[in-house]
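K.L.:
Mind having a look at this structure? Questions to follow.
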Amino acid sequence: MRKKIVAGNWKMNKTLPEAKSLLAEIDSYIQSNSSKCEVIVGIPFVYLENAKVNHKNLKVFSEDISEHKSGAYTGEVSAEMLKSVNVDGSIIGHSERRQYHKETDEQIGAKIKIALEYGLTPIFCNGEILEERKAGRHFDVVKKQTEVALFGLTAEEISKVIIAYEPVWAIGTGETATPEQAQEIHAHIRSLIADKYGKEVADSISILYGGSVKPSNAKEIFSKPDVDGGLIGGAALNINDFSALINTYSEI
Ligand code: PEP
């Protein structure tokens, strides 16, 4: 059975004391509540080295990674550096990176490849913007993003990738895709993978939904057959909401 995952993305939030305290709260929550899912926290680069956690179900990810191995790339952080501070993986191709840093699907594909090369788990983010959804182009947009970024990988490599479908119009807006909208795109992504790599590979990949997930709507979304959890922004910033989201898997 594929993994169920609740992943947080802290973005550019929290000072060091705040980050330490939230991470410790999440760690101890998982410790005392035997979670039924894996928990990931994507945290700012500057805190990664200090991010020591005890529970094996809690993984620490960066929010980005360089597409380059090393060298004259001022401000970038490489896969090898992340590995050297024991990071487990990276969020790659988040819509905010695509929008504000003009990341392309080709660059995102290169980042995924290099993450895998260094034993880091990539969370590959895809998803359409509002205009594309309104024009009924969401299936095609997600298809292209997925093909360009992932389909150069071998079957063994793609099996290690986590996918996060995040309709951009639902991120941080309070607007959520309906569980049915999430399910139909997740099923579409899975069928694209099945066509290229076979059903067994497609069925082994966790596909998360992201976009204004909160304790009040998570259960309905996470219950859909092709939704394997969530990538969560706002509600990952406090222990009450985030632990309630983790706990959703005790109720499904
Ligand atoms: C995100 O940034 O990945 C996200 C889904 O944010 P939010 O939950 O705040 O919409």
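K.L.:
Scan the range 66-82 for residues that are under 18 Å from the mean Cα position of the chain (by Cα) and either open to solvent by 20 Å² or more (accessible area, probe 1.4 Å) or within 16 Å of the ligand (Cβ to nearest atom) (or both) and jot them down.
P.N.:
Hit for the range 66-82 is E67, nothing else.
K.L.:
Would you tally the residues in the range 20-74 being in contact (Cβ under 8 Å) with a residue 60 or more places away in the chain, in contact with a helix residue (DSSP H, G or I) (Cβ under 9 Å, 6 or more places away or on another chain) and of a type outside the set (A, V, I, L, M, F, W, C)?
P.N.:
6
K.L.:
Another question, then. Has the range 85-94 got any residue that is in contact with a Lys or Arg (Cβ under 9 Å, 6 or more places away or on another chain), surrounded by fewer than 22 Cβ atoms within 10 Å (Cβ to Cβ) and assigned to a helix (DSSP H, G or I)?
P.N.:
no
K.L.:
Moving on to the next point. Answer with yes or no whether T248 is buried (at least 18 other Cβ atoms within 10 Å of the Cβ) and hydroxyl-bearing (S, T, Y).
P.N.:
Considered against the rule, which asks whether it is buried (at least 18 other Cβ atoms within 10 Å of the Cβ) and hydroxyl-bearing (S, T, Y), T248 comes out as yes.
Residue by residue, here is whether (1) more than 16 Å from the ligand (Cβ to nearest atom); (2) of a type outside the set (D, E, K, R); (3) on the phi < 0 side of the Ramachandran plot; (4) open to solvent by 50 Å² or more (accessible area, probe 1.4 Å) holds:
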site: D140; (1), (2), (3), (4): yes, no, yes, yes
site: G172; (1), (2), (3), (4): no, yes, no, yes
site: T176; (1), (2), (3), (4): no, yes, yes, no
site: K199; (1), (2), (3), (4): yes, no, yes, yes
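K.L.:
If you take the residues in the range 145-170 that are free of Cβ contacts under 8 Å to residues at least 60 places away in the same chain, within 16 Å of the ligand (Cβ to nearest atom) and not hydrophobic (A, V, I, L, M, F, W, C), which one is farthest from I205 (Cα to Cα)?
P.N.:
P167
K.L.:
Further question on the same structure: Among the residues of the range 127-138, which ones are acidic (D, E) and open to solvent by 70 Å² or more (accessible area, probe 1.4 Å)?
P.N.:
Correct list: E131 only.
K.L.:
When the range 204-219 is examined, which residues are found to be more than 12 Å from the ligand (Cβ to nearest atom) and either within 23 Å of L192 (Cβ to Cβ) or open to solvent by less than 30 Å² (accessible area, probe 1.4 Å) (or both)?
P.N.:
Within the range 204-219, S204, I205, S206, I207 qualify.
K.L.:
Residues of the range 132-169 being of a type in the set (V, I, T) and in contact with a strand residue (DSSP E or B) (Cβ under 9 Å, 6 or more places away or on another chain), which ones?
P.N.:
V141, V142, T146, V161, I162, I163
K.L.:
Moving on. I want to confirm something. Restricting to the range 230-252 and keeping residues that are within 12 Å of the ligand (Cβ to nearest atom) and part of a helix (DSSP H, G or I), which single residue is farthest from A164 (Cα to Cα)?
P.N.:
The selected residue is D241.
K.L.:
Let me ask something else. So R97 ticks every box in (1) charged (D, E, K, R); (2) open to solvent by 20 Å² or more (accessible area, probe 1.4 Å); (3) more than 15 Å from the ligand (Cβ to nearest atom) but one. Which box is left unticked?
P.N.:
(3)
K.L.:
Among the residues of the range 12-27, is there at least one that is loosely packed, with under 15 Cβ neighbours inside 10 Å, in contact with a Ser or Thr (Cβ under 6 Å, 6 or more places away or on another chain), of a type outside the set (S, T, N, Q) and within 24 Å of Y209 (Cβ to Cβ)?
P.N.:
no
The values are calculated or read from the model by the stated rules, or taken from the named source; none is laboratory data. What you see is a predicted model; the values in this text were computed from it and never measured. When we count neighbours, we look across all protein chains shown, and the Cβ atoms used for this are built from the backbone with ideal geometry, even at glycine. Accessible surface is based on the protein model in full, side chains and every heavy atom, while ligands, DNA and RNA are left aside. Shrake-Rupley method; radii C 1.70, N 1.55, O 1.52, S 1.80 Å.
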